[in-house]
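Q: Submitted below is the structure of interest, expressed as structure tokens.
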Number of protein chains: 2
Amino acid sequence: MTTAKRDTYTPETLLSVAVRVFNERGYDGTSMEHLSKAAGISKSSIYHHVAGKEELLRRAVSRALDGLFGILEEPGAQRGRAVERVEYVTRRTVEVLTAELPYVTLLLRVRGNTKTERWALERRREFDHRVAELLKAAVADGDLRADVDIRLATRLLFGMVNSLVEWYRPHPGADTDREQLADTVVHLAFDGLRTAR
Amino acid sequence: MTTAKRDTYTPETLLSVAVRVFNERGYDGTSMEHLSKAAGISKSSIYHHVAGKEELLRRAVSRALDGLFGILEEPGAQRGRAVERVEYVTRRTVEVLTAELPYVTLLLRVRGNTKTERWALERRREFDHRVAELLKAAVADGDLRADVDIRLATRLLFGMVNSLVEWYRPHPGADTDREQLADTVVHLAFDGLRTAR
């Protein structure tokens, strides 16, 4: 028996249900039926809010991408030496990732089977590219090691940052937590774990 | 129409087919039917080699785990200062991961629904724990920063290393490649990207 709830969803709250289901079942493995069951409203009620599953995906990954690209517009990413800007962007990326965890998780799991997924992958690559450019500028300034391949360093840096979606789980009132996490990522990536030699 | 091949598989070659299918479809999503199709032999031929799907999983993740735990027995992991040992283990982990890419990929995607999967997760945690112990010893020696939470550092270190399975693709004769990759990971993790200040 399906107990239909009264549809009190806003586009925002419906999105958060959809993202949870996408992350649990994978986007490909999610049907409108699954979404309807998880939301407790009929499929036609869902169609009242959105054109379909792909629109929900687009909105969800847009939220993650807006968060990430927003960082690049912040003063800390725009002003100062390249090395300070790239450290700032790294720190803020951790913060956005943990604050928007389900949305960024979904973004990072996108595979590229639909137009929206290909667009999301393209935007992700663009973000990585922007960060790689900053790293390159910091190497040119002599602030970052010149003996490390930038493309490789960018991948490893994002590998480390993005791994958070696999194990980071926010606690209530986790702001300090999140700050400590961002600090650790920045220290590890830029200063390394070793004490000065 | 299924064109049945003559069954010329060894346990090794059958395993490599199974691992490819597990990585493509997920372990849960793979049936004996899928394995039979991918191998081009009948299900009963597969049962001639192994008791079932779970045995294939166990053999595959054992190969990855044996590779990883083998590192800890090597002289470089046993002798010398803790910081040198943990750098050695990090470097060798990258090498094992890239050399045994499909097997380690499967290991890292294990979810814990079956007995074999839970065992694999348990062994992975044990490996991480052994590395965390080395990191802790290196902090006690004063060689690694004491202001970084070890549990967090271990997770970030493995986050970076394990991310390789998402994007590393070996080339023929990729040994130099692999060495450069291992160097970069070790530099990034222990010395950081910054030039000395």
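The values are calculated or read from the model by the stated rules, or taken from the named source; none is laboratory data. These figures come from a predicted structure and were not determined experimentally. With ideal geometry, Cβ positions are generated from the backbone for all residues, glycine too; neighbour counts draw on all protein chains shown.
Q: Quick one: residue B:89 ticks every box in (1) of a type in the set (A, V, I, L, M); (2) under 17 Å from residue B:138 (Cα atoms); (3) touching a Pro at 6+ places or on another chain (Cβ under 9 Å) bar one, so which box is it?
A: (3)
Q: Suppose we filter segment B:30-72 for residues that are within 23 Å of residue B:123 (Cβ to Cβ) and not hydroxyl-bearing (Ser, Thr, Tyr); how many remain?
A: Residues in segment B:30-72 being within 23 Å of residue B:123 (Cβ to Cβ) and not hydroxyl-bearing (Ser, Thr, Tyr): 22 in total.
Q: Please verify whether segment A:113-129 includes one or more residues that are buried (at least 20 other Cβ atoms within 10 Å of the Cβ), touching an Asp or Glu at 6+ places or on another chain (Cβ under 7 Å) and either at pLDDT 95 or above or on the phi > 0 side of the Ramachandran plot (or both).
A: yes
Q: Let me ask something else about it. Within segment A:147-165, count every residue that is assigned to a helix (DSSP H, G or I), without any contact (Cβ under 8 Å) to a residue 40 or more places away in the chain, more than 7 Å from chain B (Cβ to nearest Cβ) and within 15 Å of residue B:194 (Cβ to Cβ).
A: 1
Q: Just to check your reading of the model, which residue among B:144, B:152, B:193, B:106 is at pLDDT 95 or above and of a type outside the set (Val, Ile, Thr)?
A: Just one listed residue meets the conditions, B:106.
Q: Exactly one of these conditions fails for residue A:83: (1) within 14 Å of another protein chain (Cβ to nearest Cβ); (2) out of contact with any Asp or Glu (no Cβ under 8 Å at 6 or more places or on another chain); (3) not aromatic (Phe, Trp, Tyr). Give me its number.
A: Going through (1) within 14 Å of another protein chain (Cβ to nearest Cβ); (2) out of contact with any Asp or Glu (no Cβ under 8 Å at 6 or more places or on another chain); (3) not aromatic (Phe, Trp, Tyr) one by one, residue A:83 breaks only (2).
Q: For the list (1) over 16 Å from residue A:92 (Cβ atoms); (2) at the interface with another protein chain (Cβ under 7 Å from one of its Cβ atoms), I need the number of the one condition that residue A:184 fails.
A: Of everything listed in (1) over 16 Å from residue A:92 (Cβ atoms); (2) at the interface with another protein chain (Cβ under 7 Å from one of its Cβ atoms), residue A:184 misses just condition (1).
Conditions (1) more than 30 Å from residue B:29 (Cα to Cα); (2) in contact with a helix residue (DSSP H, G or I) (Cβ under 9 Å, 6 or more places away or on another chain), marked per residue:
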position: A:7; (1), (2): yes, yes
position: A:11; (1), (2): yes, yes
position: A:18; (1), (2): no, yes
position: A:21; (1), (2): no, yes
position: A:28; (1), (2): no, no
position: A:31; (1), (2): no, yes
position: A:35; (1), (2): no, yes
position: A:39; (1), (2): no, yes
position: A:46; (1), (2): no, yes
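Q: Residue under question is residue B:178, and the condition is that it be closer than 19 Å to residue B:88 by Cβ, more than 10 Å from chain A (Cβ to nearest Cβ) and modelled with pLDDT under 90; does it hold?
A: Yes.
Q: Here are the criteria: (1) aliphatic (A, V, I, L, M); (2) touching a residue at least 24 places away in the same chain (Cβ under 8 Å); (3) surrounded by fewer than 20 Cβ atoms within 10 Å (Cβ to Cβ). Tell me which single one residue A:135 does not satisfy.
A: (3)
Q: I've got another one for you. Go over the candidates A:127, A:190 one by one and state the one that is closer than 26 Å to residue A:54 by Cα and part of a helix (DSSP H, G or I).
A: Going through A:127, A:190 in turn, just one is closer than 26 Å to residue A:54 by Cα and part of a helix (DSSP H, G or I): A:127.
Q: How many residues does segment B:4-32 hold that are of a type in the set (Asp, Glu) and either modelled with pLDDT of 95 or more or surrounded by 14 or more Cβ atoms within 10 Å (Cβ to Cβ) (or both)?
A: Of the residues in segment B:4-32, 1 are of a type in the set (Asp, Glu) and either modelled with pLDDT of 95 or more or surrounded by 14 or more Cβ atoms within 10 Å (Cβ to Cβ) (or both).
Q: I've got another one for you. Residue A:100 passes all but one of (1) closer than 17 Å to residue A:77 by Cβ; (2) surrounded by 16 or more Cβ atoms within 10 Å (Cβ to Cβ); which number fails?
A: Residue A:100 satisfies every listed condition except (1).
Q: Please tell me if residue A:76 is modelled with pLDDT under 95 and either within 21 Å of the chain's Cα centre (by Cα) or not polar (S, T, N, Q) (or both).
A: no
Q: Do any helices (runs of 4 or more DSSP H) entirely within segment A:1-115 hold 3 or more residues that are free of Cβ contacts under 8 Å to residues at least 60 places away in the same chain and over 27 Å from residue B:152 (Cα atoms), and if so, which?
A: It comes to A:11-25, A:32-39, A:43-49, A:53-73.
Q: Then there's this: Kindly indicate whether residue B:89 is of a type in the set (Val, Ile, Thr), at pLDDT 95 or above and either in the same structural domain as residue B:127 (by TED's automatic domain parsing) or touching a helix residue (DSSP H, G or I) at 6+ places or on another chain (Cβ under 9 Å) (or both).
A: Against the criterion (of a type in the set (Val, Ile, Thr), at pLDDT 95 or above and either in the same structural domain as residue B:127 (by TED's automatic domain parsing) or touching a helix residue (DSSP H, G or I) at 6+ places or on another chain (Cβ under 9 Å) (or both)), residue B:89 qualifies.
Q: Given (1) within 7 Å of chain A (Cβ to nearest Cβ); (2) part of a helix (DSSP H, G or I), where does residue B:142 come up short, assuming only one miss?
A: The single condition residue B:142 does not satisfy is (2).
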